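Here is the structure we will look at.
Readers should treat all values here as calculations from the given coordinates under stated rules, not as data from a laboratory. Keep in mind the model is a prediction, meaning the values are calculated, not measured. Glycine gets a Cβ as well: all are built from the backbone with ideal geometry, and neighbour counts include every protein chain shown.
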Amino acid sequence: MAKVMLGESEKWFIIHGIQDDMRNDGRSCEDYRHIEVETGVVSNTHGSSRLRLGSSELLVGVKVELGSPDPKAPNEGLIHFHVDCSPNADPSFQGRGGEDLSANISCILTRIYCNKSSIDLNTLGIIPHKQCWVVHVDVLILECGGNLLDAVSIAVKAALHNTGVPNIQVTDGDEGTQEISLPDDPNDVKFINTVNAPVLVTISKVGSRHVVDASSEEELCCNASLVMGVTKRGRTTGMRKMGGGSLDPESIPEMIETGKNIGRQLHISLDKLLKTEQGMAEDIEKAGYL
Amino acid sequence: MIMKDDMHEVVEQPPTSKFQCEMNALKNADGSAFYSQGETSVMVAVYGPGDLKETKQEIDKALVEVDFRPKLGSPTVNEKYLERFVQGVCENAIMLALHPRTAFAIIVQIMQDQGSLLSCAINAVCVALQDAGVSMKHLPVAVTVALRKESESELEDATDVLIINPTIKEESESFSILTFVFDSVNKNLLCMHSQGPLLPKQHERCLKAAKEATEEVLKFFRDSVTQKVAAGLEL
Amino acid sequence: MTMPTDSRRLPAPDISYNAKLFTEIEKLSLLDDEEKRADGRYVTQPRDVFLQCGVITQAKGSAYFEMNKTKVICSVYGPKDIEMREEFQINKGKLKCELKYAPYSSPKHGDHIPGASDVEKSDILLEAISSGVCLQRYPKSQIDVYVIVLEDDGSVMPAAITAASVALVDAGIEMYDVITASSIRIAGQDTFIIDPTSSEEFSPLNLEKSNDLNQGMVMVALLPSINQVSSVVSSGHLECNVLQEAIRSCRYSAQNLHSIVRKCLVNSLKKILKQRNTAK
Amino acid sequence: MEENSICIPGERLGSSEQYQPGKGTYVRHGFVFASIAGSIKKESDKSGNLPLIHVQSIHTKQHIPQIGGIVICKMTQLTSAFAKCKIISVQGSNHTAAFRGIIRKEDVRATNRDKVEIYKSFRPGDIVVARVLSLGDALCYLLSTAENELGVVVALSENGTAMIPLAHDQMQCPITLLKQFRKVARPQSKHISFPENSKSALTNESTV
Amino acid sequence: MEDIFKHIQPVEYYKSFLKENIRPDTRTLQQIRKTTLNVGPITTADGSALVKIGNTMVMCGVKAELTQPTAEEPKKGIIVPNLDLPALCSSKFKPGPPNTQAQVGTKFLDNLIKIANLVNSEDLCIVPDKLVWVLYCDVTCLNYDGCVIDAAVVALVAALRSVSLPSVTLNEETDTPVTNINEKTPLTINCLPVASSFSFFESEHIITDPTLSEEDITSGCLTVVSDEHENLLLVDRPGGVSITEDQLEICIQRSFKRTKEVHKLYKAVHKPSESNDQT
């Protein structure tokens, strides 16, 4: 994380502020910072997005490739997450410094996407046992300003929403083999269904209360947080406690409830935004053809 | 040099140019040697006693670091395995207590591996250490011996052919390869490595043959050093 | 894609397959008609455990923990001088954790180089046990915890967390509590399977067709005496109320495990005392 | 709870109004809990304070250097201003991954501090008993030998035999009879044995 | 008290015991620690063995998998041994890639498998050029207290001996293998080698089966691997103090004796009913 140093008294100030539902940037405990999302920003990917949450900034690119399926699930496609921490975000990411953070973020993404409902992997299968689509999601962290996990997951959902998988033709060839042919038109694509794609909500315990979307200063004051993947319907698709501290068992239900509500609101506003973005993209394209 | 058992009859005379060595082959190293034994050749550079990171320093002796480089590519487990023998020999031979808090770096670069690599490498290091003027308790001398089943003979035993410093072809035909390192003073065993099924009797025989063969290597060492010193005097 | 060759090990084939992949394996349902599991247990019944301290004499503290086929071994070194100067803290010690799977512990031969999921598991372990260690009593020091999974037959993380905390006790490290953990497989709204084996564990690949969307796993680590939760991990698709119910069950079963672990620890302590007395 | 019973970390030993927390315990929400596994020991305080409760460890505990505590260290590096060493033993627990310590020139002796010469006090390889002054910085603990009982306990002469203390600042090799300067720890009478050398010098620290 | 003496002056400490011809752990110089062998503790492995020599503890797991043979040797299966010395087993080791010692041990096991011809690699061939078995033999050290290579060899041999391979055929049409789990054939092991290690203290005392603290104060081990027919398979002495031929001879004779003892152990565990025995 970006180097933020806080003295004991500064920490106390933040903790006491939160106790009174007053955070040092004026938000209340369950408020998010301003989010900016843009999709289709990188032209040589199949889908991409750029996101800014407070002072956290990141870029997501999705690439779709042909590959062979997992022998245990021959009909399904695969999805891989890869997170890269740019040394721009923090000098300590130079060399192998950011590796642990990257591994952790990609594991949490895998965790929340690893079930039947988040993304229907069957739609990514082509020929059982032989060919399938492999979706590579690459996240590049440009700036760390707190609450990276939520930001990453929102950007990933936006990028996946924006991803077009080429419509592929499977024809029966000689001797029982099957041949595949790619469409000639690069715009002949099918968009990935992201209706059930989850976003992450991090609920940080600070003092005896919990906050969402903690800034990097608040992250320093918090010693335990819950990260949960929440779908549009308010279901969880994976959860993990982060940080070295422990949690009171009684506070966990409250935190889960908060996460559920916040997650649903996030989905509503994100979907609205994505819809308008998509509409705009179509408009621009039309303009281009004229 | 091939010897038949029992009579120690020399079947093949060793070629006169069996050992070759060029001391001080590298100008920038503290000591170096290009050493070849038959077709196998090795280049060794010795640096030291040199500076060492404070955390690695030992207060009562010097450290020996050996880097064994293959002909191509980066070192693999094979090189690490051989490296350990060179290191063990050097740690024993060099008077490490004279140079506390320092390190000797020894780089062994394989130029050509045509059999008897380990003994060639150890002898090469020994020459390079002399070139560097490192104080040593004794000179380690290495000899490789191979045992091959006599193909023509029908007899049950005592028909194995013993080959001193075998080539790679002879190594592949042999059932057992042994490398011995003796110290030049007491002729005790410094280090040894043998692989291949071997009866104790055969082992004893190899050891004896190897011990005899050290004389020749030692003589070669002496000649090389004499030559070097003589050349130095002329200058 | 070929991996860069590992020059520190012997060369191995790039790809190899488990022979069992090419047989027809009949899929067993989680519960049979009598509500019993494949190994004959009831849904709420955990496996028998075996716990032993001090198995690794070279380490300051160690523990071997077995839940039927799942086997983990753990060692603790320290407190000792901190290795990296950047991690130095004047008022607090530093805890380091590494969890590794032995290559033969899973059905597929494992890779020697740790992957992202190994890093995550080490991290979960670290977070689960660090709230139990009195780190401020070890200024300037470092404590290393190493866990090797010898055989994975489900519920590895709870086993690793429990073993690590027992090993810490064995090392004489000051702790707030002995941490125990437990995991639950959720197969439908009302079916909570305690202490699942690897065939019962949740994985999107071996899901049965079911109308109930609630399919997943929950793991909870608990500091039972002071009633604090040090780790919660869930995966799979769960409704919030089901998740909360599962967390509660997990806590209950971790609490049960604690009394077993306590018995084990006290017995081993008594044994040491007895030996010492007879030696005198 | 009976005396001498066994507890494990996290076990509640009593209220903090009842007991004074000692070693191996911590206080939380007004109760005393055990923090290590061991046997419970209660000591009543005669001066009217609350009785002390502490847990005696059964496992061999690894101690870390504490301010004011005694450590055994091995000298590694000398300069004119200070001597660096490795702390190899703390309260009887041996360290393999040793903490590092430093003895500054002014902390070598209690008297004549400004006349101290490091080279006449220690040599690399000496075994020294010292007291911890402070936690020091990221690298080293700050140690002191400015007491009569502290200083060199084992020193080897050049031929590798243990030397015998002659005076507070001198040691002698029993074979070569060579004398060398050291800041010698005062040998304690009960450990002095005349025929053996190395062992006796070493046993100094047990009572300090 | 004694502990501190041992820690500060290990050599002096050891000498004081040697004077009485005994070792700090009450053994005589020739005595070997109690050896136990437990075969098959790991069910996820195709063959496994846990070996303890005193406190030293080593686990070997063999995994058999299917792969394509190399182009150079299309009719040969592949055996990949590996010795892992994790940070768990001793404070000497750090986490990360294998250190020199582990690499040397790996190569040692590899050499041994080749020299002793433990498993015929042709036996592992299913369809030449297409499908062969690969045996991953992973040896993990769990407690490092000297003579790890001795324990590793016993564990490796015992684990390989417990391997049974299912019958596999290649379906010609689909080019995919077909496995019959119910038809298993045990792997043939050609040789039962045993390794014995020795240390030399001040070049006159031969110490059999040294512990870690003994290995630390002596320089370099001599490891002799022999089989039941008194064949020397491997002799390994990487430097250290020089030894005389007589000393070498003594070590060889002792290793033969040791081999015979361990063979009883091998035999005892190979009866399928029993899986635990001691010498």
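Take chain B and mark each of the trypsin sites (Lys or Arg not before Pro) that is in a DSSP loop with at most 10 other Cβ atoms within 10 Å; the longest unmarked stretch, sites excluded, is B:72-235.
For D:R186 and D:K41, what is the calculated FRET efficiency with R₀ set at 35 Å and r taken between the beta-carbons, to the nearest 0.05? Here the calculated transfer efficiency is 0.60. Between D:A81, D:V128, D:A110, the Cα set farthest toward the positive side of the dipole of chain D (charges on each charged residue's Cβ, about the Cα centre) is that of D:A81. Proximity of backbone amide H atoms, modeled 1.01 Å from N, is registered between D:L13 and D:V32, D:F33, D:A34 at under 5 Å, excluding neighbours fewer than 5 places apart on the same chain.
Here is the list for the range C:190-262: trypsin sites (Lys or Arg not before Pro) lying in DSSP coil, each with at most 12 other C-beta atoms within 10 angstrom of its C-beta, are C:K209.
Averaged over peptide E:84-96, the number of partner chain Cβ atoms lying within 10 Å of each residue's Cβ comes to 6.
The Cα atoms of chain E define a convex hull whose projected area, averaged across directions, is 16.8 nm².
Remark: the Cα gyration tensor places the range D:47-189 in the prolate category, a/c being 1.5 or greater and a/b exceeding b/c. Only helical runs count toward this figure. For the protein assembly as shown, summing -39,500 (n - 2.57) over DSSP H runs of n ≥ 4 and dividing by all residues gives -8000 deg cm²/dmol at 222 nm. Over chain B, Cα pairs under 8 Å with separation of 6+ residues give a relative contact order of 20 percent. Measuring spread by the Cα atoms of the range B:2-225 yields a radius of gyration and Dmax of 18.1, 64 Å. Restricting the trypsin sites (Lys or Arg not before Pro) of the range E:29-73 to loop positions (DSSP other than H, G, I, E, B) with no more than 13 neighbouring Cβ atoms within 10 Å leaves E:K34.
Just order E:187-199, A:120-132, A:90-102 by mean Cβ neighbour count inside 10 Å, highest at the front, would you?
With the highest mean Cβ count within 10 Å placed first, the list reads E:187-199, A:120-132, A:90-102.
Toward the positive end of the charge dipole of the range B:168-235, with +1 on the Cβ of Lys and Arg and -1 on the Cβ of Asp and Glu, the farthest Cα among B:L233, B:H193, B:S174 is that of B:H193. Modelled spin labels at E:H270 and B:E58, positioned 7 Å past Cα toward Cβ, are 4.3 nm from each other.
Size of the range E:128-279 from its Cα atoms: along the principal axes, largest to smallest, the extents are 68, 34, 30 Å. Label point 7 Å out from B:N24 along Cα-to-Cβ: which residues of the range B:35-51 have amide N under 19 Å? Only B:35-36, B:43-49 fall inside the zone, counting backbone N under 19 Å.
On the principal axes of its alpha carbon atoms, the range C:1-139 extends 59, 45, 27 Å, with the longest extent given first. Each Cα pair under 8 Å and six or more residues apart adds its sequence gap; the mean of these over the residue count of the range D:6-57 is a relative contact order of 40 percent. Taking amide H as placed 1.01 Å from N in the peptide plane, the amide H of B:L139 sits under 5 Å from that of B:S184, B:V185, each at least 5 places away or on another chain.
Within 10 Å of each Cβ of C:99-112, how many other protein chain Cβ atoms are there on average?
For peptide C:99-112, the averaged partner shielding equals 6.
Across the range D:11-26, in residue order, what do the Karplus-derived ³J(HN,Hα) couplings come to in whole Hz, using 6.51 cos²θ - 1.76 cosθ + 1.60 with θ = phi - 60° and x for Gly and Pro? Karplus values, whole Hz, x for Gly and Pro: 7, 7, 9, x, 7, 6, 7, 8, 10, 9, x, x, 5, x, 9, 9.
Legend: Rg and Dmax of chain A, from Cα coordinates, 20.8, 77 Å.
Taking θ as phi - 60° and the Karplus parameters 6.51, -1.76 and 1.60, the scalar couplings of the range B:47-57 work out to 10, x, x, x, 6, 9, 4, 4, 5, 8, 5 Hz in sequence order, x denoting glycine and proline. Could you work out how far helix A:148-161 tilts from the main Cα principal axis of chain A, as a 0 to 90 degree angle to the nearest 10? It is inclined by approximately 20 degrees.
Give the percent of DSSP beta bridges with both residues in the protein assembly as shown that are antiparallel, rounded to the nearest 5. That works out to approximately 85 percent antiparallel.
In this structure, the amide hydrogen of D:Q170, modeled 1.01 Å from its nitrogen in the peptide plane, lies closer than 5 angstrom to those of D:R182, D:V184, counting only residues at least 5 positions away or on a different chain.
The calculated pair-distance distribution of the protein assembly as shown uses every alpha carbon pair, bins of 20 angstrom beginning at 0, and gives 9, 33, 36, 19, 3, 0 percent. Our note on the geometry: Cα centres of the range A:257-274 and the range B:53-82, 58 Å apart. Longest stretch of chain E clear of exposed loop sites (GluC sites (Glu not before Pro), DSSP loop, at most 13 other Cβ atoms within 10 Å, sites excluded): E:73-171. With the simple model of a label 7 Å out from the Cα in the direction of the Cβ, A:E36 to E:K260 spans 8.5 nm. Placing +1 on the Cβ of every Lys and Arg and -1 on the Cβ of every Asp and Glu, with no other charges, gives chain B a dipole of roughly 780 debye about its Cα centre.
Once Rg and the Kirkwood radius are both taken over the C-alpha atoms of the range D:6-57, their ratio Rg/Rh works out to 0.95.
Mean partner shielding of peptide C:74-80, defined as the number of other chain Cβ atoms within 10 Å of each residue Cβ, is 6. Per-residue Karplus couplings for the range C:193-199, computed as 6.51 cos²θ - 1.76 cosθ + 1.60 with θ equal to phi - 60°, are listed in order as 9, 7, 6, x, 7, 5, 6 Hz, Gly and Pro entered as x.
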